[in-house]
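Below you'll find the structure, written out as structure tokens, and then a few comments.
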């Protein structure tokens, strides 16, 4: 079964806002070169979720994990994304679309953010190694 990964971020009017998200997508592509990866946005930027999903369906993906690059599961993650996934399922019924938790609610990500925040305090307080 061919898998794909659809990263989904909010979007902004300032194109520089997307740079960290593009970096995430590129790091994934470098580590998993055979995995089709698309980065899509909710608003202001392109591609949107439907276009990103269409690209993965066109790449013959049979399963696509949708990863919201949001710090928490607010209205966009709880309401907007599921509504958009219904549209993707309707347009591409041969693809299984799997919505994952907001990335900011994944324990390893929360831990990494805490460690990064503590690292700013060095040399005052050295973070404890994981």
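If I ask for residues that are in contact (Cβ under 8 Å) with a residue 40 or more places away in the chain and assigned to a strand (DSSP E or B), which ones from the stretch 1-48 would you list?
Once the filter is applied, which keeps residues that are in contact (Cβ under 8 Å) with a residue 40 or more places away in the chain and assigned to a strand (DSSP E or B), the stretch 1-48 yields 3, 4, 5, 6, 7, 8, 9.
Scan the stretch 4-11 and give yes if some residue there is farther than 19 Å from residue 88 by Cα, at pLDDT below 95 and either touching a strand residue (DSSP E or B) at 6+ places or on another chain (Cβ under 6 Å) or surrounded by 15 or more Cβ atoms within 10 Å (Cβ to Cβ) (or both), otherwise no.
Yes: the stretch 4-11 contains one or more residues that are farther than 19 Å from residue 88 by Cα, at pLDDT below 95 and either touching a strand residue (DSSP E or B) at 6+ places or on another chain (Cβ under 6 Å) or surrounded by 15 or more Cβ atoms within 10 Å (Cβ to Cβ) (or both).
Is it the case that residue 88 is within 25 Å of residue 23 (Cα to Cα) and in contact with a helix residue (DSSP H, G or I) (Cβ under 8 Å, 6 or more places away or on another chain)?
no
Just checking, does the stretch 103-125 include any residue being over 14 Å from residue 3 (Cα atoms) and either assigned to a strand (DSSP E or B) or touching a strand residue (DSSP E or B) at 6+ places or on another chain (Cβ under 8 Å) (or both)?
Checked the stretch 103-125: at least one residue is over 14 Å from residue 3 (Cα atoms) and either assigned to a strand (DSSP E or B) or touching a strand residue (DSSP E or B) at 6+ places or on another chain (Cβ under 8 Å) (or both).
Those residues that are touching a residue at least 12 places away in the same chain (Cβ under 8 Å), in a helix (DSSP H, G or I) and out of contact with any helix residue (DSSP H, G or I) (no Cβ under 8 Å at 6 or more places or on another chain), I need them from the stretch 53-84; list them, please.
The answer is 55, 56, 76, 77, 80, 82.
The values are calculated or read from the model by the stated rules, or taken from the named source; none is laboratory data. As the structure is a prediction and not an experimental result, all values here were calculated from the model. Using ideal geometry, Cβ is built from the backbone for each residue, glycine included, and neighbour counts are taken over all protein chains shown.
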